[in-house]
Amino acid sequence: MGGPSTSPGVSRRGFLGAGATAAAALSLAGCQRALRYLRPSPAPSTLAELRRRGVDVYSVCDNCVNKCGIRARVVDGKVLKLDPNPHFPKSRSMLCARGNAGVKVVYDPNRLKHPLIRVGERGAGRWRQATWEEALDFTAEGLRKVRDRYGPQGVLFSSSEAFQERFFLTFARAFGSPNLVRHTSTCLGSGNLGFFVTYGVVPEYDLENSQYVIMSGANRLEAFITPDTMDLMHVLRTRKAKLVYLDPRHTVTASKADEWLPIRPGTDLAFYLALIHVLVTEQLYDRPFVEAHTQGFEELAAHVAPCTPEWAEQETEIPAGRIRAIAREFAYYAPRSVIYRGRRSSWYRNDAEMRQAMAIANALVGNWDRPGGLVPADKIALHEIEEPEFPFPEVGRVDGIEEKHPLARADDGAYVELRDAVLAGTPYPVKGWMVYKQNPLHTLPDRRRTETMLRGMDFVAVVDIAPSDTAWMADVILPESTYLERTDPIESFPAPHAFLALRQQVVPPVFDTRPGLEIMQGLARRLKLAGFLDYDMAKVHALQLEGLGLAASDFARTGMWSDRTARSFGSTLSPGYRFRTPSGKIELASERLRRQGLDPLPRYTRLPWPPAGEFRLLPGKQAQFTHAANQDNEWLHELCPENALWINAAAAAARGVREGDLVAVRSPIGEVTVRAHVTERIRPDCVHLPHGFGHRSPALVNAAGRGASDQDLIVAAYDRLSGNAALHETFVTVRKA
Ligand SMILES: Nc1nc2c(c(=O)[nH]1)N[C@H]1C(S)=C(S)[C@@H](COP(=O)(O)OP(=O)(O)OC[C@H]3O[C@@H](n4cnc5c(=O)[nH]c(N)nc54)[C@H](O)[C@@H]3O)O[C@H]1N2
Ligand SMILES: Nc1nc2c(c(=O)[nH]1)N[C@H]1C(S)=C(S)[C@@H](COP(=O)(O)OP(=O)(O)OC[C@H]3O[C@@H](n4cnc5c(=O)[nH]c(N)nc54)[C@H](O)[C@@H]3O)O[C@H]1N2
Ligand code: SF4
Ligand SMILES: [Mo]
């Protein structure tokens with residue numbers, strides 16, 4: 001006996017054979033499907049026939065930072081449907097709900113259709129439709145006036161991740177302002193810093209080959225990062241990997257994890273220090289790796305000596321035995337085990353240190369630059385587009401980031417402190433604000449302060465595709481063509497699947513909108529910034545591809561290109577390789593930090609815990625929305641018209657709150673009323689309000705006034721080392737409304 005039984009009459013051999021045939025048939029169908037895409041379509045006899053049959057255009061989604069590959073079906077000049085691009089390595093044939101709803105981005109009745117110039121009071125919503133000539137003249141004049149009165153530093157330029165963001169940044173630098181600020185300082189700035197001081201670079205992950213993954217509040221199955229989301233799903237579904245997930249909230253990711261640890265918020269650093277303690281004291285680290293590639297081990301060992309799992313249990317509420325077991329498993333599966341850094345690390349004031357502890361723990365088990373571990377984010381190099389020399393700003397940045405956070409990237413800025421400085425008018429006045437693809441009224445904590453800042457400006461220009469809350473407060477709105485209506489520069493995506501991709505225009509602009517390059521060029525010409533942005537998109541592509549033997553037309557068939565046939569690992573492990581750290585090694589004790597007079601090692605100090613009767617407010621993403629950007633999209637709005645406050649069932653019962661009741665949530669800076677979602681899926685000492693709701697702009701017809709904004713509650717705080725916003729530092733009370 002023994003072995004699996006099979007149905008009567010079917011021998012094991014026969015069973016396997018049938019299975020194999022079915023698999024072969026399946027894979028043949030799969031191949032045929034793939035071939036359909038690869039084989040060039042027969043030339044259409046007439047344009048009319050082509051229009052009727054429809055054409056597929058390969059391009060790149062822009063509904064969030066991920067930039068997944070798409071194949072857009074265009075029939076009669078209209079986008080009919082968006083599908084995943086099966087060739088695109090990063091997105092692994094996935095297109096999420098937002099990606100699918102991209103069709104509605106183009107044909108959205110509420111979208112921006114023409115340039116608009118404000119005629120009434122700021123924020124009153126009275127606009128006149130303008131021609132591009134008028135709107136660009138008006139914007140250039142507004143910027144010039146601020147520059148004449150306050151100098152170029154008097155204009156703040158803020159923007160978020162986009163393929164055409166580079167033209168905006170070029171314009172800002174040519175204008176001569178030192179005051180650029182990017183979404184990074186409300187998102188991943190602290191995480192970048194924690195890994196940078198350890199490795200000299202900010203790595204990616206090879207989750208596809210991981211066998212053991214530890215994640216702290218990286219809600220990958222709702223807050224998508226491609227390819228990590230799909231790789232994680234794949235390794236979990238096929239049971240190739242184990243996931244340990246720490247989050248005060250039982251997210252979808254928690255529901256798929258092998259182990260969910262509802263950690264006390266703000267104590268992850270204690271967990272990682274204890275994990276390092278176990279690796280060191282039980283000698284579970286990779287000794288040859290540590291000796292060959294790292295420095296600072298002795299110092300680290302002394303530092304973590306008191307950080308026992310028993311100590312960490314008091315902080316985290318995770319049993320010491322579990323911490324020990326997790327450390328042992330982490331070491332057992334190494335190098336195919338990772339502590340995943342996460343992306344949004346704008347959590348607490350000690351965030352960079354927490355991420356540094358993650359970086360150190362990874363290095364100890366030698367999972368660097370090996371399958372299933374951390375990989376250096378190498379890219380295929382594109383030729384740089386040269387610009388004339390930028391004017392050197394005569395004054396430093398208004399946020400003083402160079403002195404306050406010397407290890408942060410100055411050009412990303414420190415948004416919270418920047419706003420403080422602008423509101424205070426020190427060290428100098430900033431009275432103009434140009435915003436590109438960003439919605440600061442929702443991006444930054446404490447919306448009232450951002451609104452005061454907007455109202456205090458002499459001039460505000462916003463480049464967007466939608467009448468966002470921030471656009472609503474502008475003097476002029478410059479509507480950019482949406483991602484399906486424009487061609488962008490070529491983009492290089494990092495390892496483990498390094499490749500190039502092109503966002504190609506799918507349909508011509510439906511309304512009177514322009515791509516970012518043309519908008520910035522129009523302004524540069526008017527401001528006599530001669531020589532800057534002196535190219536069109538075809539020239540940009542030609543310049544980028546110089547030396548690669550490629551042309552933009554090479555992207556037409558699959559939307560991407562790569563010369564990397566297989567992933568390569570280990571190039572940074574060869575003898576003599578110098579990491580970009582002061583010692584040339586992976587730094588378990590950071591010399592960069594020491595040289596700044598800072599602690600070279602992450603040191604835990606207890607953050608305040610909520611007083612009795614109060615909750616810590618946790619923000620976060622939902623799968624069907626991007627930040628505060630697409631709640632108005634008809635298709636997505638239908639999925640979830642408003643947000644609700646997650647509150648633990650016991651805490652709700654104590655307040656007489658039932659599912660769907662309206663509750664008043666009060667923080668030190670404001671109060672909102674929102675529906676309650678009563679659930680066991682959150683710790684009793686915190687509440688969660690999904691981010692991105694409570695829009696004010698009446699032009700967002702579906703979303704306006706629905707749900708509540710977390711930014712009306714979150715107090716302004718920031719990470720000590722990086723200046724990154726700290727969005728989890730707020731305590732609130734909740735009562736039945
Ligand atoms: N409370 C709280 N605050 C947060 C977060 C949170 O979870 N909670 N998350 C933080 C994080 S991780 C991030 S990254 C930031 C994000 O902050 P933002 O970058 O400000 O995010 P979005 O809301 O995506 O804003 C993008 C804006 O770009 C516009 N847009 C979309 N496509 C285009 C285009 O093609 N061209 C132009 N010109 N505009 C376009 C959208 O209409 C929208 O107004 O917010 C941070 N702030
Ligand atoms: N659908 C969708 N996907 C997105 C985005 C989007 O807007 N929508 N935005 C993209 C961007 S720009 C980013 S940065 C990423 C963000 O990706 P994530 O950082 O994964 O996203 P958040 O939803 O902000 O997740 C924060 C999680 O941390 C948990 N948390 C809060 N406090 C603590 C704590 O003290 N300890 C631990 N362990 N956990 C804690 C929260 O409960 C929440 O589940 O997502 C990207 N993908
Ligand atoms: S994750 Fe979704 S919204 Fe983001 S780029 Fe990919 S398909 Fe688009
Ligand atoms: Mo982000």
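Quick notes on this structure:
- A dipole drawn for region 406-564 from +1 and -1 charges on Cβ atoms has a positive end, and of Ala495, Pro440, Ile465 the residue lying farthest that way is Pro440.
- The slack between Tyr332 and Ala301, meaning 0.36 nm per residue of separation minus the straight C-alpha distance, is 9.2 nm.
- When each of Lys81/Lys256; Lys67/Lys621; Lys431/Lys528 is checked by Cα-Cα distance, pairs over 23 Å: Lys81/Lys256
- Calculated FRET efficiency for the pair Arg122/Ala542, C-beta based, R₀ 35 Å, to 0.05: 0.25
- Check: the chain dipole with +1 on Lys, Arg Cβ and -1 on Asp, Glu Cβ, in debye: 1620
- DSSP-assigned coil residues among GluC sites (Glu not before Pro) in region 501-594, each with at most 13 further Cβ atoms within 10 Å: Glu546
- The chain - percent of accessible surface contributed by carbon and sulfur, probe 1.4 Å: 53
- Close amide-amide hydrogen proximity is noted between Ser93 and Phe88, each under 5 Å apart and 5 or more residues distant or on a separate chain (H modeled in the peptide plane; Pro and chain starts excluded).
- Full extension of the chain segment joining Ser583 with Arg603 gains 5.1 nm, where the gain is 0.36 nm per residue of separation less the Cα-Cα distance.
- Under the criterion of Cα pairs below 8 Å and six or more residues apart, the relative contact order for the chain equals 19 percent.
- Distance violations [Cα-Cα > 32 Å] among Lys78/Lys379; Lys240/Lys379; Lys78/Lys437: Lys78/Lys379
- In this structure, the amide hydrogen of Val181, modeled 1.01 Å from its nitrogen in the peptide plane, lies closer than 5 angstrom to those of Phe157, Ser158, Ser159, counting only residues at least 5 positions away or on a different chain.
- Peptide ranges 480-487, 299-306 listed from the most packed, as the mean C-beta count within 10 angstrom indicates: 480-487, 299-306
- Residue-wise HN-Hα coupling along region 102-107, computed from phi with Karplus coefficients 6.51, -1.76, 1.60 (Hz; x: Gly, Pro): x, 4, 6, 5, 6, 9
- Each residue, Ala551 and Arg237, gets one label point 7 Å from its Cα in the Cβ direction; the gap between the two is 4.0 nm.
- Over all directions, the projected convex hull of the C-alpha atoms in region 100-173 averages 7.0 nm² in area.
- Dimensionless Rg ratio for region 337-433, taking C-alpha atoms and the 2.2 N^0.38 Å reference: 1.50
- Alpha-carbon centroids, region 191-235 and region 515-539: separation in whole Å: 37
- Computed from backbone phi with θ = phi - 60° and the Karplus coefficients 6.51, -1.76 and 1.60, the 3J(HN,Hα) list for region 367-382 is 8, 7, 6, 10, x, x, x, 8, 10, x, 7, 5, 10, 6, 6, 9 Hz; x is used for glycine and proline.
- Other residues lying with their Cβ under 15 Å from the Cβ of Lys431 contribute a combined charge of +3, Lys and Arg counting +1, Asp and Glu -1.
- A dipole drawn for the chain from +1 and -1 charges on Cβ atoms has a positive end, and of Leu550, Val103, His627 the residue lying farthest that way is Val103.
- A Förster distance of 35 Å, applied to the separation of the beta-carbon atoms of Gln129 and Arg666, puts the FRET efficiency at 0.25.
- Loop-located GluC sites (Glu not before Pro) across region 342-439 with a Cβ neighbour count of 16 or fewer within 10 Å are Glu384, Glu386, Glu389, Glu394, with loop assigned by DSSP.
- Distance between modelled label sites at Ser571 and Phe392, nm, 7 Å Cα→Cβ extension: 3.4
- Both radii were evaluated on the Cα set of region 668-719; the Rg over Rh quotient, with Rh as the Kirkwood radius, amounts to 1.02.
- Distance from region 52-126 to region 314-393 (C-alpha centre basis), Å: 32
- Amide H within-cut-off set for Ala708, under 5 Å, with H built and near neighbours excluded: Asn643, Gly694
- Here region 617-663 is treated as a Stokes sphere of Kirkwood radius computed over C-alpha pairs; at 25 °C and 0.890 mPa s its diffusion coefficient rounds to 196 µm²/s.
- Rounded to the nearest Hz, the phi-derived 3J(HN,Hα) couplings of region 655-667 under the Karplus curve 6.51 cos²θ - 1.76 cosθ + 1.60 (θ = phi - 60°) are 10, x, 9, 10, 3, x, 5, 7, 10, 9, 10, 10, 10, where x marks glycine and proline.
- Protection proxy ranking, highest mean first, for peptides 82-89, 105-112, 219-226, 436-443: 436-443, 219-226, 82-89, 105-112, where packing is the per-residue count of other beta-carbon atoms within 10 Å, averaged.
- Per-peptide average of other Cβ atoms within 10 Å, ordering 722-728, 331-337, 675-681, 525-531 highest first: 722-728, 331-337, 675-681, 525-531
- Where labels lie 7 Å past Cα in the beta-carbon direction, separation of Ala424 and Arg52 in nm: 7.0
- Base-10 log of normalised Debye intensity for the chain (one unit scatterer per alpha-carbon) at q = 0.09 Å⁻¹: -0.87
- Rolling a 1.4 Å probe over the heavy atoms of the protein chains gives region 456-555 an accessible area of 30 Å² per residue.
- The chain - share of DSSP beta bridges that are antiparallel (%, nearest 5): 50
The values are calculated or read from the model by the stated rules, or taken from the named source; none is laboratory data. In this text the structure is predicted, and so the values were computed from the model without any measurement. We place every Cβ from the backbone using ideal geometry, glycine too, and count neighbours over all the protein chains shown. Side chains included, ligands, DNA and RNA excluded: accessible areas come from the protein's heavy atoms. Shrake-Rupley method; radii C 1.70, N 1.55, O 1.52, S 1.80 Å.
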